[in-house]
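In what follows, a single structure is set out as structure tokens and then discussed.
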Amino acid sequence: MRHLLSDNTTSINTTESNSRWRNNSVHQSEPHQSEPHQSDHEAVLRAASRSSSAMTATVLVGLMVGVSAGGRADDASETYRVGTFSADVTIPLNHRCMGVLPTKSLSIADPLYAKGFVLLGAGDPIVYVAVDWCEIRNAAYDQWRDALANAAETPRERVLVSSIHQHDAPVTDRGAARLLETVGLRGELYDETFHERTVARVARALRESLSQTQPVTHLGLGQAKVKEVASNRRVVRKGGVASYARGSNGGGDAFYASAPEGEIDPFLKTISFWNGDEPVLALSVYATHPMSYYGRGEVSSDFVGLARQQRQEEVPGLFQIYASGCSGDVTAGKYNDGSPEARLRLIGRMLQGLRDAWENTRRVPLTEISFRNTQLDLDYSPDPHLTLESLRERMENDRLRVEDRILAAMGLSSRLRVASGQTIDFPCIDFGAAQIVLFPGESFVGYQLLAQRMRPDSSVVSIGYGECWPGYIPTAAAFGDNFANSWLWTAPGAEDRIRAALERVLLPGK
């Protein structure tokens, strides 16, 4: 099983001329809200804004040129409709970030958002939302999906929620929070009252969007290579020993900066919905951890969120959503030394990828939308340090750091969820010419590449960080490399089960 997925140490060269993702384009966007106000971060944004404003006039001219074919949809003949929604989900000050970072939030460098859409006309409504949070796990994930399902009057399985995984943002896990409360650590993982109000705010925004939907007549498909952002954690040291130690700011180390990119998906993919000639929304997905620097107490959507903001300002009328792909083992580490200047460079490269994917967009008539979901049952890690007894002992040990006790509670919450028999929804939205698949946790990029290979006739867009209890989900090859991490709660054998789940949702009837 070790070699089910390739473990190359060079970038995957998916053919850039892939006809499903190319051609000319057009578009628009939605205004952002607050302006950042933070030291180094503020300087980064000012510089990025100058670069973005220089592009705006050119983009607007491009909008006037447009793409050929059909005007606005005839309301009498419309089949599908879409509504878009956005809500501020910024955490308060003195709130923990990433679940276990010692420094809590000291300032708000830029706001965090939940941005999503609801599709109507394909049976019960289908909802997707991308959240500028690190992770949403276990019963907290259920809270999000239940609230949005109620707002849209649809079954929970048709609600897709993903985190973008910025680290200067919260981890929420209701089970872990309740466990921590029993040992006197109420509110240490996250503020449950804030969480409930935030979920309600997002649900309200979704509900309001249902009265402001637009017809969807066409689907837009675009992709472009993002240059000098992504690199795999895996590097090979002297003696041929594999290591997964290249983190998000690894570029400050000469060895990590000079090592090959490794296995990545170099393409940013954009799916857009159109009403005749007018674009309504663009969903862009790229596989990388979204951090430049973090852990300083500055709440931020980081370089991917700031690139999204700049893109929104360039085309204020086209609603922009960004999601992280399967990127558990992919970071900006080769190209990032953790400096404010590196963040600025990463913003610029991501922004260019968003622009290029849009310029490469081709439209196709949207004639079908189907939804499929299957159950993914992942085993809990057999690590002896993750038994019920060991986890509970560490959580209850008041001589340990609070952060270590939180991590134990998170592991225990996940262990109890698995023991209860609750499986993971593994959904796919099928548009005929393209599919959106939502993966759990920090799925490795190899799974995204596997999904694409399964459907060479179509365009598969893989989104990671759905239900996040598993933490890292390595491929068989990575398990074979003895990948280990304190954020790993899944057992070997995950690849066979994910492959089977992909076959059920991507290859129905085969």
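All of the numbers you see were taken from the coordinates with simple rules; none came from a lab. Please read these numbers as outputs of a predicted model, since none were measured by experiment. Every residue, glycine as well, gets a Cβ built from its backbone with ideal geometry; the counts of neighbours run over all protein chains shown.
For segment 153-171, the count of residues that are in contact with a His (Cβ under 8 Å, 6 or more places away or on another chain), surrounded by fewer than 24 Cβ atoms within 10 Å (Cβ to Cβ) and either closer than 19 Å to G466 by Cα or of a type in the set (F, W, Y) (or both) is zero.
Would you confirm, using the coordinates I've provided, whether S258 is of a type in the set (S, T, N, Q), free of Cβ contacts under 8 Å to residues at least 12 places away in the same chain and in contact with a helix residue (DSSP H, G or I) (Cβ under 9 Å, 6 or more places away or on another chain)?
On the way: of a type in the set (S, T, N, Q): yes; free of Cβ contacts under 8 Å to residues at least 12 places away in the same chain: yes; in contact with a helix residue (DSSP H, G or I) (Cβ under 9 Å, 6 or more places away or on another chain): yes.
Yes: the conditions hold for S258.
Return the pair list, or none, for Cβ contacts closer than 9 Å from residues in segment 410-423 that are free of Cβ contacts under 8 Å to residues at least 40 places away in the same chain to residues that are not in a loop (DSSP other than H, G, I, E, B), at least 6 apart or on different chains. Pairs that qualify, where the first residue is free of Cβ contacts under 8 Å to residues at least 40 places away in the same chain and the partner is not in a loop (DSSP other than H, G, I, E, B), are A419/Y380; A419/L388; Q422/N138; Q422/D142.
Restricting to segment 365-393, name every residue that is of a type in the set (D, E) and assigned to a loop (DSSP other than H, G, I, E, B). Residues satisfying the conditions are E368, D377, D379, D383. Taking E368, is it in contact with a Phe, Trp or Tyr (Cβ under 9 Å, 6 or more places away or on another chain) and exposed (fewer than 15 other Cβ atoms within 10 Å of the Cβ)? Judged against the criteria, E368 is a match. Suppose the filter is in contact with a strand residue (DSSP E or B) (Cβ under 8 Å, 6 or more places away or on another chain), over 24 Å from E442 (Cβ atoms) and β-branched (V, I, T); does T154 pass it? Yes: the conditions hold for T154.
Hey, among the residues in segment 190-229 that are assigned to a strand (DSSP E or B) and not small (G, A, S), which one's surrounded by the fewest Cβ atoms within 10 Å (Cβ to Cβ)?
Of segment 190-229, the ones assigned to a strand (DSSP E or B) are 214-216, 218-225.
With the extra rule that they be not small (G, A, S), the set shrinks to 214-216, 218-219, 221, 223, 225.
Working: Q214: 19, P215: 23, V216: 26, H218: 23, L219: 24, L221: 27, Q223: 28, K225: 17.
Only one residue tops the list, namely K225.
Against the conditions (1) part of a loop (DSSP other than H, G, I, E, B); (2) acidic (D, E); (3) more than 19 Å from the chain's Cα centre (by Cα); (4) on the phi < 0 side of the Ramachandran plot, E263 satisfies every one except (3). Condition check for G276 on (1) among the small types (G, A, S); (2) touching a Lys or Arg at 6+ places or on another chain (Cβ under 7 Å); (3) surrounded by fewer than 20 Cβ atoms within 10 Å (Cβ to Cβ); (4) under 18 Å from R246 (Cβ atoms): one failure, at (4). Cβ-Cβ contacts under 7 Å between residues 6 or more apart (or on different chains), taken from a first residue in segment 187-198 that is touching a residue at least 60 places away in the same chain (Cβ under 8 Å) to a second residue that is among the polar types (S, T, N, Q), are listed as Y190/T172. The criterion of at least 2 residues that are at negative phi and of a type in the set (A, V, I, L, M) is met by the following strands (runs of 3 or more DSSP E) wholly inside segment 83-189: 113-120, 126-131, 159-163.
Restricting attention to segment 389-445, the residues that are exposed (fewer than 15 other Cβ atoms within 10 Å of the Cβ) and closer than 23 Å to V82 by Cα add up to 1. Within this structure, A282 passes the test of being more than 16 Å from Q166 (Cβ to Cβ), small (G, A, S) and either in contact with a helix residue (DSSP H, G or I) (Cβ under 7 Å, 6 or more places away or on another chain) or outside any helix (DSSP H, G or I) (or both).
Being farther than 16 Å from D379 by Cβ and touching a strand residue (DSSP E or B) at 6+ places or on another chain (Cβ under 8 Å) is true of P427. Does segment 400-413 contain any residue that is part of a loop (DSSP other than H, G, I, E, B) and over 27 Å from L283 (Cβ atoms)? Among the residues of segment 400-413, at least one is part of a loop (DSSP other than H, G, I, E, B) and over 27 Å from L283 (Cβ atoms), which makes the answer yes.
Here is a yes/no grid of residues against (1) within 30 Å of V364 (Cα to Cα); (2) in contact with a Leu (Cβ under 7 Å, 6 or more places away or on another chain); (3) in contact (Cβ under 8 Å) with a residue 40 or more places away in the chain:
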| residue | (1), (2), (3) |
| --- | --- |
| V216 | yes, yes, yes |
| G220 | yes, no, yes |
| S231 | no, no, yes |
| V236 | no, no, yes |
| Y244 | no, no, yes |
| N249 | no, no, yes |
| G252 | no, no, yes |
| P266 | yes, no, yes |
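Within segment 292-307, being out of contact with any helix residue (DSSP H, G or I) (no Cβ under 8 Å at 6 or more places or on another chain) and either in a helix (DSSP H, G or I) or among the aromatic types (F, W, Y) (or both) holds for one residue alone: G305.
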